[in-house]
Amino acid sequence: MEPIIETKEVWKVYGMNGASVEAVCGIDLAVQQGEFVAIVGPSGSGKSSLLHLLGAMDHPTRGEVLFGNQPLHKMSDAQRTDLRAHQIGFIFQTFNLLPNLSALENVEIALRLGGAAKAERQARPLELLERVGLGPRARHLPRQLSGGERQRVAIARALANRPRLLLADEPTGNLDSKTGASLLELLRQINRQDRQTVVMVTHDFRAASHADRVLVLRDGRIRGETRLQGQDTHRALGQLLALEL
């Protein structure tokens, strides 16, 4: 089975004040259909830079990224835009909801931008909000929702166009631990029930313990990897902490 997303000896080097900063250093990574992969590391380890490369939001300095065996660097700007609109869903730490649109409208606009038919734009947003437990609050504006509720809207929006890959950038970073755990269980449920592929970056080993496979990233390099599939959270967390040490 070919991976959904794959990197081959990928580097990302930034020029800064006349010096070079190596954010991603020769990473090889393959993510299969239905996997839940967590990339964990401290601030500055290269997590977000790697996620931007996986999401076709940035170009590697060298090496290549392939989506469904198609090299991203051979795609036109229009093709990469279409890929992001239809094949990849994004969940951000800061939610990125449009403040003057209701929860329903925030999900609907993703379908509109994706070119969905009118019937689907009318039906799917409420279906998704009900799926994430927000059906009764579909008409509320973001400012009328809690942080956890806003992130649930963001998850519904990310799923709107039925993406093959869901990318989550510190999705619990602005949430308290109880709300964050609830959101991670929701992502896990979506992953298991729909075989939705999820790649999440986080600094939190407890958040990473919800994944099937965890990569430890430091200084732009993968320093360790472990599989947690089938383990309870407590045992998985212990294994991750041992890996970090």
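The values are calculated or read from the model by the stated rules, or taken from the named source; none is laboratory data. Note that the structure is predicted; figures quoted are calculated from it, not measured. Cβ atoms come from the backbone with ideal geometry, glycine included; neighbour counts cover every protein chain shown. When the accessible area is computed, the model is the full protein with side chains, heavy atoms only, and any ligands, DNA or RNA have been set aside. Shrake-Rupley method; radii C 1.70, N 1.55, O 1.52, S 1.80 Å.
For the chain, what is the accessible area per residue in Å² when the probe is 1.4 Å?
Values: 11770 Å² over 245 residues.
Per residue, the chain has an accessible area of 48 Å².
Using Cα pairs under 8 angstrom and six or more residues apart, how large is the relative contact order of the chain, in percent? Provide the component values of the computation, followed by the final result.
Details: 474 pairs, mean separation 65.1, N = 245.
Averaging sequence separation for qualifying contacts and normalising by length gives 27 percent for the chain.
Using just the helices of the chain, give the 222 nm mean residue ellipticity in deg cm²/dmol: DSSP H runs with n ≥ 4 each add -39,500 (n - 2.57), and the total is spread over all residues, rounded to 500. Please report the intermediate quantities before stating the final value.
Numbers: 8 runs with 89 residues, N = 245.
Rounded to the nearest 500, the figure is -11000 deg cm²/dmol.
Evaluate the distance, in nm, between pseudo-label points positioned 7 Å from the Cα of MET75 and of ARG143 along their respective Cα→Cβ axes.
The modelled label-to-label distance comes out at 3.7 nm.
For segment 116-235, report the convex hull volume of the alpha-carbon atoms normalised per residue, in Å³, without decimals. Working shown, then result.
Values: hull volume 15.4 nm³, N = 120.
Hull volume normalised by residue count: 128 Å³.
Determine the share of segment 79-211's accessible area contributed by carbon and sulfur atoms, expressed in whole percent, with a 1.4 angstrom probe. Let's see the in-between values first.
Working: 2880 of 6090 Å².
Answer for segment 79-211 is 47 percent, counting heavy atoms of protein chains only.
For segment 29-76, what % of the accessible area comes from carbon and sulfur atoms, probe 1.4 Å? Present the calculation step by step, with values, prior to reporting the outcome.
Values: 880 of 1820 Å².
Roughly 48 percent, rounded to a whole number.
Once the mean 1/r over all distinct Cα pairs of segment 1-109 is inverted, what Kirkwood radius in angstroms do you read off?
15.6
I need the calculated FRET efficiency for the pair ASP219 and GLN189, taking r as the beta carbon distance and R₀ as 25 Å, to the nearest 0.05.
Approximately 0.15, to the nearest 0.05.
Hey, can you rank 92-101, 164-173, 181-190 by average C-beta count inside 10 Å, highest first?
On the way: 92-101: 14.8, 164-173: 22.0, 181-190: 18.0.
Ranked from most to least packed, the peptides come out as 164-173, 181-190, 92-101.
For segment 84-116 and segment 1-64, what is the separation of their Cα centres, given in Å?
Comparing the Cα centres of segment 84-116 and segment 1-64, I get a distance of 24 Å.
Expressed in whole Å with the largest first, what are the equivalent ellipsoid semi-axes of segment 72-121 derived from the C-alpha gyration tensor as the square root of 5 times each eigenvalue? It would help to have the intermediate numbers written out before the result.
Numbers: eigenvalues 105, 49, 12 Å².
For segment 72-121, the ellipsoid semi-axes come out as 23, 16, 8 Å.
Need one word for segment 41-85: rounded, prolate or oblate. Basis is the Cα gyration tensor (sqrt eigenvalues a ≥ b ≥ c); a/c below 1.5 gives rounded, then a/b vs b/c decides.
Values: a/c = 2.44, a/b = 1.86, b/c = 1.31.
Prolate, because a/c is 1.5 or more and a/b exceeds b/c.
Counting DSSP beta bridges in the chain, what percent are antiparallel, to the nearest 5?
Details: 22 of 41 bridges.
Close to 55 percent.
Evaluated at 20 °C with a viscosity of 1.002 mPa s, what Stokes-Einstein diffusion coefficient in µm²/s does the chain have when Rh comes from the Kirkwood expression over alpha-carbon pairs? Working shown, then result.
On the way: Rh = 18.5 Å.
Stokes-Einstein gives a translational diffusion coefficient of 116 µm²/s.
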